[in-house]
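Working notes, structure below.
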Amino acid sequence: MNQDVSMIKAAKPVARSVRFRNEREDAWHDLEEIIDQIDSKGIKSVSAQDLNRLPSLYRSTLSALNVARATSLDRNLTRYLENLCSRAYLCVYTSRQKPLGVVWHFITHRLPMAVYAVRWHLFLSTMILFMGAIVAWVMVINEPEAFVTFVDAAYAQGRGPTSTREELRAVLFSGSDFSFGDLSSFSGHLMTHNARIGMMCFALSFAVGLPTLYLLFKNGAVLGAFAGVHSLKGLTVELFSWLLPHGVTEFLAVLLCGAAGFLVAEAILFPGRRTRLQNLAIQGRKAGVVVIGAVGLFLLAGLIEGFFRQSVQSIAARYAMAGYTAIVWFGYFGVLGWWRTRQALPEELEL
């Protein structure tokens, strides 16, 4: 008797899955046929009628996938729908676009939306970096010799608590001594160095975000230690005029890499209803978009540092450049990201 009851209970999910499939599989087969035709012969071979049906078939299949996940239908059906939705997404949103159109869509839609989606992870990265900066600044102000604890001698390049005010100021306003070739080489070196730090923040995120946290705190500490040394010499305004024109963009790129790293760590630690691999695949795509954007910011920061900051000696002009870049990035990632997210279809946010 008990065996019969258990068999009935086991049969209920199977029956529900079969009924669910029977009600919708005609539409799935139609969608699959259109996708196969696009893959084999190109989108121009598809009739206008089928092209008009493609978005609605895709949305209905995506809706079925969400129902299948929410009601825990059989795993094979869920995997089939996930694969079908992924293929359909590429057909709906990329197949009809030219390469330049894909790049434009990435810049105007995917990137700002992805950054807006990780805004709380970005906030966490910012807080960790500022904590490192504050801790180092306080320690150096009270004990100047603590500078060497946070900054390697090779990185300091002779700057430190024993440097005179004139020596430190000379570094902040030495750009006019650079030739164009020197500026190009300097810009490329800085871009490579900073990009490597950012990539490490992201690449080491698989260790549940701990290396990412350490790298962000350490970078903040380096900033705070330099700020402390210059504060002791009365050069705080001059230091930040030297740092901020490129620093707004550069540190934003580092913070975005950190945010992407924390997103991956969260996907591993808190998968929710999905398996860890499924959640990692979904969140990993968002993190990848954010990191690609960060690489672009590193490039821009290197150009600003190598050309603008080293050749412009006016403190007011430097601060104006820093304010301009801050407004641009807030508008792009904050305002545009919010607007694109608000206007996006649910499947765009999911995939």
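General remarks:
- Here VAL92 does not qualify as part of a helix (DSSP H, G or I) and at pLDDT 90 or above.
- Residue in segment 24-51 that is farthest from ALA64 (Cα to Cα), counting only those that are in contact with a Leu (Cβ under 8 Å, 6 or more places away or on another chain) and touching a residue at least 40 places away in the same chain (Cβ under 8 Å): ILE43
- Filtered residues of segment 17-56 (kept if among the polar types (S, T, N, Q) and touching a helix residue (DSSP H, G or I) at 6+ places or on another chain (Cβ under 7 Å)): SER17, GLN37, SER45
- Test: SER56 is assigned by TED's automatic domain parsing to the domain that holds ARG87, at pLDDT below 85 and not β-branched (Val, Ile, Thr): no
- Out of ALA267, ALA225, sole residue that is within 19 Å of the chain's Cα centre (by Cα), crowded, with 21+ Cβ neighbours inside 10 Å, assigned by TED's automatic domain parsing to the domain that holds ASN142 and not polar (S, T, N, Q): ALA267
- Residue count for segment 120-160, restricted to those that are within 21 Å of the chain's Cα centre (by Cα) and surrounded by fewer than 15 Cβ atoms within 10 Å (Cβ to Cβ): 3
- Residue that is surrounded by the most Cβ atoms within 10 Å (Cβ to Cβ), among those in segment 324-339 that are in contact (Cβ under 8 Å) with a residue 40 or more places away in the chain and among the hydrophobic types (A, V, I, L, M, F, W, C): PHE333
- Any hit, segment 215-228, residues being of a type in the set (Val, Ile, Thr) and at negative phi: yes
- Residue list for segment 95-108, filter: surrounded by 11 or more Cβ atoms within 10 Å (Cβ to Cβ) and modelled with pLDDT under 75: SER95, ARG96, GLN97, GLY101
The values are calculated or read from the model by the stated rules, or taken from the named source; none is laboratory data. Here the structure is a predicted model, which means the values were calculated and not measured. Note that we place each Cβ from the backbone using ideal geometry, even for glycine, and neighbour counts take in every protein chain shown.
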